[in-house]
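Shown next, in structure tokens, is the structure this report addresses.
Throughout, read-outs are computed from the coordinates displayed, never taken from laboratory work. What you see is a predicted model, and the numbers here were worked out from it, not measured in a lab. We place every Cβ from the backbone using ideal geometry, glycine too, and count neighbours over all the protein chains shown.
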Amino acid sequence: MKRTKLLLAIMGLFAGTAMVHAQNNESWAGLTIFAKENAQLRKDAAPVRAVFMGNSITQMWAMMRPDFFKDNNYVGRGIGGQTTPQMLSRFRTDIVALKPQVVVINGGINDIATNSGTYDFEFTFGSIQSMAEIAHANGIKVILTSVLPAAEIPWRKEIPAVPAKVDQLNAAIKTFCAEKGFTYVDYYSQLVSNDGTKGLPPQYTMDGVHVTVAGYEVMEKIVKKAIDYLIIDN
């Protein structure tokens with residue numbers, strides 16, 4: 001019960017942050033949120049193995065599983081509530097400037113949730129493509145991940161056909177990776193419920209979108225293998 005309340009409180013904080021960004025053009029993309037951390041990393045000049053770019057799913061991952069990031073020399077750059085155009089706007093600041101060996105990009109569910117405007121598949125997919133292309137142009141190896149399963153958007157229950165929109169975006173990301181030689185990491189197939197809803201099962205989520213520790217443990221095994229392959233074998 002305490003854990004559920006804590007998660008709901010965190011989600012409320014993320015939602016509030018997203019609203020502030022939407023109302024203030026200077027902070028719309030959260031350009032200064034990681035300013036101190038980024039400056040310290042650049043000052044240390046130590047090589048960064050991988051940076052994870054994303055929304056609250058990535059932000060909570062770094063908060064709930066800090067040892068996974070610390071032990072593997074990974075850096076989390078997730079901001080709650082963000083959509084892919086917001087992520088793209090801060091990509092050079094939070095990713096390219098850190099000169100990681102690999103970037104792991106996860107985004108799209110908040111676009112489907114209309115967090116920053118009407119959902120447009122082509123615009124969202126284009127934002128993901130642009131992040132990957134910027135990384136590649138700067139010598140950073142690219143991992144694009146699937147959007148996680150979601151039967152509905154808990155804070156936008158009126159949004160129709162969420163699973164179909166997730167499927168469409170995942171199919172496009174997978175095809176794009178195959179065409180460009182980027183790595184596609186499939187969280188979806190390992191996390192989707194077998195009850196026909198095409199959502200997350202109870203052991204992996206508390207609200208239908210955000211992930212429990214058990215869910216992150218599944219994701220960690222998949223993505224670490226992909227990162228290790230890119231760095232060690234290539």
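Suppose the chain between Arg42 and Trp155 were pulled fully straight at 0.36 nm per residue; how much longer would it get relative to their current alpha carbon spacing?
36.9 nm
Output the antiparallel fraction of DSSP beta bridges having both residues in the chain, as a percent to the nearest 5.
5 percent
Please give me the summed charge of the neighbours of Gly139: other residues whose Cβ is under 14 Å from its Cβ, Lys and Arg +1, Asp and Glu -1.
+2
For segment 40-93 and segment 110-153, what is the separation of their Cα centres, given in Å?
15 Å
Based on DSSP H assignment, which helices of the chain show an axial Cα extent of at least 15 Å together with a mean Kyte-Doolittle hydropathy greater than or equal to -1.0?
Both cut-offs are met by 2-23, 121-137, 162-180, 213-232.
Would you calculate a helix-derived [θ] at 222 nm for the chain, using -39,500 (n - 2.57) for each DSSP H run of n ≥ 4 and dividing by the full residue count, to the nearest 500?
-16000 deg cm²/dmol
Can you tell me the relative contact order of the chain? Whole percent, Cα pairs under 8 Å, sequence separation 6 or more.
Rounded, it is 17 percent for the chain.
May I ask you to sort Lys36, Lys224 by Cβ crowding, counting other Cβ atoms within 10 Å and putting the fewest first?
Lys36, Lys224
What net charge do the residues around Met53 carry, taking every other residue with its C-beta under 15 Å from that of Met53, with Lys and Arg at +1 and Asp and Glu at -1?
Value of the local net charge: +2.
Modelled label-to-label distance, Asn194 and Met63, 7 Å Cα→beta-carbon offset: nm?
3.3 nm
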